[in-house]
1. Around TYR316, which amide H atoms from residues at least 5 apart in sequence, or from another chain, sit under 5 Å from its own amide H, with H modelled in the peptide plane?
2. Separation between the LYS274 and ILE215 pseudo-spin-labels, each 7 Å from Cα along Cα→Cβ, expressed in nm?
3. On a straight-distance basis, which lysines could pair with LYS166 in a cross-link, Cα separation under 19 angstrom, same-chain partners fewer than 8 positions away excluded?
4. By the scheme Lys and Arg +1, Asp and Glu -1, what is the net charge of all other residues having a beta-carbon under 15 Å from that of LYS106?
5. Counting Lys and Arg as +1 and Asp and Glu as -1, what is the net charge of the other residues whose Cβ lies under 12 Å from the Cβ of ALA327?
6. How large is the Kirkwood hydrodynamic radius of the range 315-378, counting all unique pairs of alpha carbons, in Å?
7. Arrange the peptides 198-207, 340-349 so that the one whose residues have, on average, the most other Cβ atoms within 10 Å appears first.
8. Obtain the nm distance between the two label points defined at SER152 and THR378 by a simple spin-label model: each point lies 7 Å from its Cα along the Cα-to-C-beta direction.
Amino acid sequence: MQLRLVTIDEGSKDPTSNSVRIMNQSRGLPMRLLGFFLLFLAIGVGFSIINMFKIRYLGTNIVQGIQSCFREADSLKDWIEPPSTYMHTLDDGELFWRASFVPQIKEYPFKRSRKIAFMFLTRGPLPLSPLWEKFFRGNEGYYSIYVHTMPSYRANFSTTSVFYQKQVPSQVVEWGMMSMCDAERRLLANALLDISNEWFVLLSEACIPLQNFKIIYRYIARSRFSFMGAFDEPGPYGRGRYDENMLPEVSIDQWRKGSQWFEANRQLAIDIIKDLKYYPKFEQFCKPACYVDEHYFPTMLTIQSPHLLANRTLTYVDWSRGGAHPATFGKNDITADFFRKIQQDHTCVYNNQPTSVCYLFARKFAPNALDLLLRNSTQFFGY
């Protein structure tokens, strides 16, 4: 009671007015709490509306990103599945970095069908694609296809074609320049993203397969070596292209020349795309008429992994007519005798044993040769 009197005396001389003030304060407290609640509710509703707007009008990337995080943590399949689409926004540096990932445990914890990656380096169309379609038919699961064209070119293959949506992000390529090797590395890097790709074959739009798929697959899969030409050629077109500025990374004794068209296993493919040591030298000091695509990979791999190279190519090319470009074969060249000479009149070494089966592919074939090639493919090539 004494405490009540003191409070009244200090706060107000009128006891009635003080009681009213206390009642008003007790009513104001719930009103303030209600105001705070309504404010938080309004903020929450606002954020919900904004997120709904983003998802509706800006796409479903946010949701997909969240879902992908959970999927990646869910199963091994999400780590080993090849990309669902070849088109991506990675630049070359990002692509090469991603493609250079190597498992440190050699045995795979899943069933893996080893595939051959067929990489087509083209200007645009693939005029011989019907022949390749026939070659690939019935061998699904044992091959992958990658096509590098000029950036402006858009292929128009049907949805049933093996070439449908097989273009990779590309850049302009100039003959004899480092951009040619860049395109080849770009093809390799995109193919390396599929962990099932074990072997990598570089082809042009003018190439054809000389054997059926099973023979080619068996030949490549059973080889202990990769097929890249790498030889020491004296004279103006070999050592004559060497620049002393290549030292100390490359000496003239290490300088090699080889065909642009190669087959490499997965280990060598990774070595090619991860290289930072030799690339700057070749980019700066191997310019026309050095023709860097004939020297960069053969020289680098001879220095790093000579024991893995067969020192020959699997692609037949005819340079007998002279000039800067090989012979082009048209419809008048398409005969049984022509292909018999390519397939049988050569000797080479396969797994350290002599053989007459030296070439699995050939170039350059003109578009007008397609009809005869298709009509006689069973007789000439077995497919």
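1. LEU360, PHE361, ALA362, ARG363
2. So the two model labels end up 3.7 nm from each other.
3. LYS115, LYS134
4. Details: positive: ARG112, ARG114, ARG266; negative: GLU107, GLU198.
Net charge around LYS106: +1.
5. +1
6. Values: mean 1/r = 0.0768 Å⁻¹.
Roughly 13.0 Å, rounded to one decimal.
7. Working: 198-207: 22.9, 340-349: 12.9.
Result, highest mean Cβ count within 10 Å first: 198-207, 340-349.
8. It is 4.3 nm.
The values are calculated or read from the model by the stated rules, or taken from the named source; none is laboratory data. Because the structure is a prediction, the values reported are computed rather than measured. As a convention, Cβ positions derive from the backbone with ideal geometry for all residues, glycine included, and neighbour counts pool all protein chains shown. Keep in mind that these areas ignore ligands, DNA and RNA; they rest on the heavy atoms of the full protein, side chains included. Shrake-Rupley method; radii C 1.70, N 1.55, O 1.52, S 1.80 Å.
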